[in-house]
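Structure, as structure tokens:
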């Protein structure tokens, strides 16, 4: 015998199976079987008969509290266990409900932590971008200063070439003046004055690699 009842509480499903064992009892042969046995026929040693005692098995999720099996006996009737069976189902459902609540709370905390971490990362990245831009402006200022100093040195050098060219013969003097002119042109191209001595107008967006050194540990 196997009958089943299903209990559904919210999203939890439990199955109660009613069981009845099969017992073996020594076979009591009939007169006809004894007569056949004398002619060589065999009869079974045991007979299968249904147990008079019924059982209940609870299948379903959750931790076990009281039990998951109940069985009646000569001294104990199964119906006396029905309250405990229902209590077992209620306790398991409560346990599973608490688990789901804790899991939702854990997921919520994890989500909040991810959001906060994302916000901190965004703030840190914004600060790193600003620090990168300031660094690039400072680097441009240093580069302008170096170019200005180099252009002044080259102009001084060109002026000295011209000064000494006056003592040369015509051919060498023209070559020296030509050289001084070339050096002056280079100096002019290096010099940030008059219109390049300003902060950089466009700074390229930094890559993630560029930002690494500016991110706070």
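The values are calculated or read from the model by the stated rules, or taken from the named source; none is laboratory data. Worth saying up front: this structure is predicted, and the values here are computed from it rather than measured. A quick note on method: Cβ atoms are made from the backbone with ideal geometry, for glycine too, and the neighbour counts reach across all protein chains shown.
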Within region 163-197, restricting to residues that are surrounded by 16 or more Cβ atoms within 10 Å (Cβ to Cβ) and touching a residue at least 40 places away in the same chain (Cβ under 8 Å), the one that is farthest from residue 150 (Cα to Cα) is 192
How many residues of region 125-145 are within 21 Å of residue 204 (Cβ to Cβ), surrounded by fewer than 16 Cβ atoms within 10 Å (Cβ to Cβ) and without any contact (Cβ under 8 Å) to a residue 60 or more places away in the chain? The answer is 8
Residue hits (region 14-51; at pLDDT below 75 and touching a strand residue (DSSP E or B) at 6+ places or on another chain (Cβ under 9 Å)) are 21, 22, 23, 24, 27, 45, 46, 47, 48, 49, 51
Of the conditions (1) more than 18 Å from residue 5 (Cα to Cα); (2) exposed (fewer than 15 other Cβ atoms within 10 Å of the Cβ), the single one that residue 96 does not satisfy is (2)
Checked region 37-68 for anything more than 30 Å from residue 96 (Cβ to Cβ), under 57 Å from the mean Cα position of the chain (by Cα) and surrounded by 13 or more Cβ atoms within 10 Å (Cβ to Cβ); matches are 51, 53
